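The values are calculated or read from the model by the stated rules, or taken from the named source; none is laboratory data. Just so you know, these numbers come straight off a predicted model, no measurement behind them. Note that each Cβ is placed from the backbone with ideal geometry, even for glycine, and that neighbours are counted across all protein chains shown. Just so you know, the surface numbers come from the protein's heavy atoms only, side chains and all, with ligands and any DNA or RNA stripped out. Shrake-Rupley method; radii C 1.70, N 1.55, O 1.52, S 1.80 Å.
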Amino acid sequence: MARMNHIVEEIDDSLLDRKAKRRLAKTRAQQQLQQQQQQQQKQQQQASKPKAEESGPGDDIMSRVALLCQEQDWRAALSLCLQGIAQAESEGRSDAALGLRMASQKIECSLRRQMAAAFIVSAKKLLNKEYLLDVC
């Protein structure tokens, strides 16, 4: 299609008969229509971006908490979540505070699980060291 468009642009109109001129005009009109549609889509996307940024700080905090959870940084996620709860309550946004409270409960559970796993691993290492000391 790109080759055809390139060739169509190079053709001199005086060399074409009526049918070919109609086809050429039709393809040029289609190209212009496609370009206009693409420009409109770009403008709509640019117009929708500020709306997403204005949606509120609660969404921003929640997305940062989710990012920290994906990185399995439970402590930072929990502290950010607690800060977000305090901020949402001070601003009077009870729905955001409720969502953050529910998320904080799950994050606390994951943090406890991580701490327990770390304790078990360190206890195993300690027991292995003590076993080696007893054998010698």
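The table that follows gives values for the structure above.
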| read-out | value |
| --- | --- |
| Number of positions in the range 20-41 that are of a type in the set (Gly, Ala, Ser) and exposed (fewer than 11 other Cβ atoms within 10 Å of the Cβ) | 1 |
| All positions within the range 83-113 that are within 16 Å of LEU67 (Cβ to Cβ) and open to solvent by 100 Å² or more (accessible area, probe 1.4 Å) | GLN83, LYS106 |
| Residue under evaluation VAL121, criteria (1) more than 18 Å from ILE61 (Cβ to Cβ); (2) touching a helix residue (DSSP H, G or I) at 6+ places or on another chain (Cβ under 7 Å), criterion not met | (2) |
| Residue in the range 91-107 that is β-branched (Val, Ile, Thr), part of a helix (DSSP H, G or I) and within 30 Å of the chain's Cα centre (by Cα) present | yes |
| Every pair of residues 6+ apart whose Cβ atoms lie under 7 Å, when the first sits in the range 78-104 and is free of Cβ contacts under 8 Å to residues at least 60 places away in the same chain while the second is among the hydroxyl-bearing types (Ser, Thr, Tyr) and assigned to a helix (DSSP H, G or I) | LEU78/SER104; CYS81/SER104; LEU82/SER104; ILE85/SER104 |
